[in-house]
Amino acid sequence: MPSDPPAAPIPITVFTGFLGAGKTSIILSLLPQLPKDYRAVLLKNEFGDVEVDSQLAKQSSLTAVKNYHPDRIIIECSGSAFPATLAFQIRELERETNRALALDAIVTVIDAENFSGYEDTSTTARMQAQYTDVIVLNKSEHVSERALDDVVEHLNTLNDLTPKIKCNGRAGVDPSLIFGLDSKLFLEDTEDHPLSTGTHHDEVETVTLWRGVQPPTSADGHAHVHTDGCRHGADGDTHIHAGENGGAPVEAAVLEAALTSLSKETVYRVKGFVRLPSGLIILNWAFGRYELHPFTGTFEGEQGDIIKLTVMGERGEVRRAARKLGERLDAELRV
């Protein structure tokens, strides 16, 4: 009797794009457009201490699970990572598993509003646009048609053969345009390939802002890091950090004013958690625009946390900007 034909490989789609380009939002927008019985696994490569993107994904039932045979694996790369190393690893897995897994496409998300700014200073952003199967133009609704044409023209100088798809706002893109591409990238042997190593994380520096009430974690009540902003509560044990307002929620107007003051020239992204009088929210700031999402899940930080933010930006400059943001929010800088 003839043997059964080999099972179709599990396709892997890799999403890349610079910090704050909107990769998570586009991935989440794809889900409602897939068949109800479609099984997708999302693997996320976090960069920074606060896993905001994972929390957003969890709230959309998009967590990756082990021992699961999905219809597709979606990998979201860190915004400061060049995905070639990952692509080569997937190609190796193809050979090792006899194509049980297969690279379907590398999708690069471009922030149409800010690409010309960060592309000028980031080698990673340029390489992300060059080594990809399809380019998705996100946030195009924030720019004029002339400005969008300029972005496309500039992208064509980097990569004139790759199709470029305009994202339809919150509706995202049609899955049929980015799924089923059967990528031909990185098929050659990986040994000694010039693109097979390196993540380019050295272009981006990350610091953390924190404010809150930290309970003791040891018998002597002092198993925590003392900083200039640390003082003790009335009980002598509870540690209140970052000024007189350490344990008080952040007023929405104060947060808005602080975020408005940020320079998108040196700060690329701010993400994390802030406790407002109305409750805990997830903050996503990128290149001058931000969103606030009510947090409804299980908070994995300390209950006394008021501010827990990761600030990412230009190496050598972002720390100064983060310190000023911390002063406005009465939060301390941690590196």
Residue pairs meeting the criteria (Cβ under 7 Å; at least 6 apart or on separate chains; first in a loop (DSSP other than H, G, I, E, B), in the range 290-305; second modelled with pLDDT under 80 and charged (D, E, K, R)): G297/K58
Residues (part of a loop (DSSP other than H, G, I, E, B), under 24 Å from I73 (Cβ atoms) and not β-branched (V, I, T)) located in the range 127-177: Y131, D133, P163, C167, G172, D174
Selection within the range 137-192 - under 27 Å from F88 (Cα atoms), surrounded by fewer than 12 Cβ atoms within 10 Å (Cβ to Cβ) and hydroxyl-bearing (S, T, Y): T157, S176
In the range 270-289, the residues that are surrounded by 13 or more Cβ atoms within 10 Å (Cβ to Cβ), in a strand (DSSP E or B) and not aliphatic (A, V, I, L, M): K271, G272, F273, R275, N284, W285, R289
In the range 1-57, the residues that are more than 17 Å from the chain's Cα centre (by Cα) and at pLDDT below 65: M1, P2, S3, D4, P5, P6
Residues satisfying the stated conditions in the range 320-335, i.e. surrounded by fewer than 17 Cβ atoms within 10 Å (Cβ to Cβ) and not in a strand (DSSP E or B): R320, R323, K324, E327, R328, V335
Residues within the range 95-124 that are polar (S, T, N, Q) and modelled with pLDDT of 85 or more, tallied: 3
Selection within the range 189-209 - modelled with pLDDT under 65 and more than 20 Å from R126 (Cα to Cα): D189, T190, E191, D192
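Residue check: is S144 among the small types (G, A, S) and modelled with pLDDT under 90?
In short, no.
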Checklist (1) hydrophobic (A, V, I, L, M, F, W, C); (2) assigned to a strand (DSSP E or B); (3) surrounded by fewer than 20 Cβ atoms within 10 Å (Cβ to Cβ) applied to L309, failing item: (3)
Count - residues of the range 264-281 that are modelled with pLDDT of 85 or more and either farther than 27 Å from S122 by Cα or among the acidic types (D, E) (or both): 9
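The values are calculated or read from the model by the stated rules, or taken from the named source; none is laboratory data. Being a predicted model, the structure only gives us computed values, none of them experimental. Because the Cβ atoms are built from the backbone with ideal geometry, glycine has one as well, and the counts that use them run over all protein chains shown.
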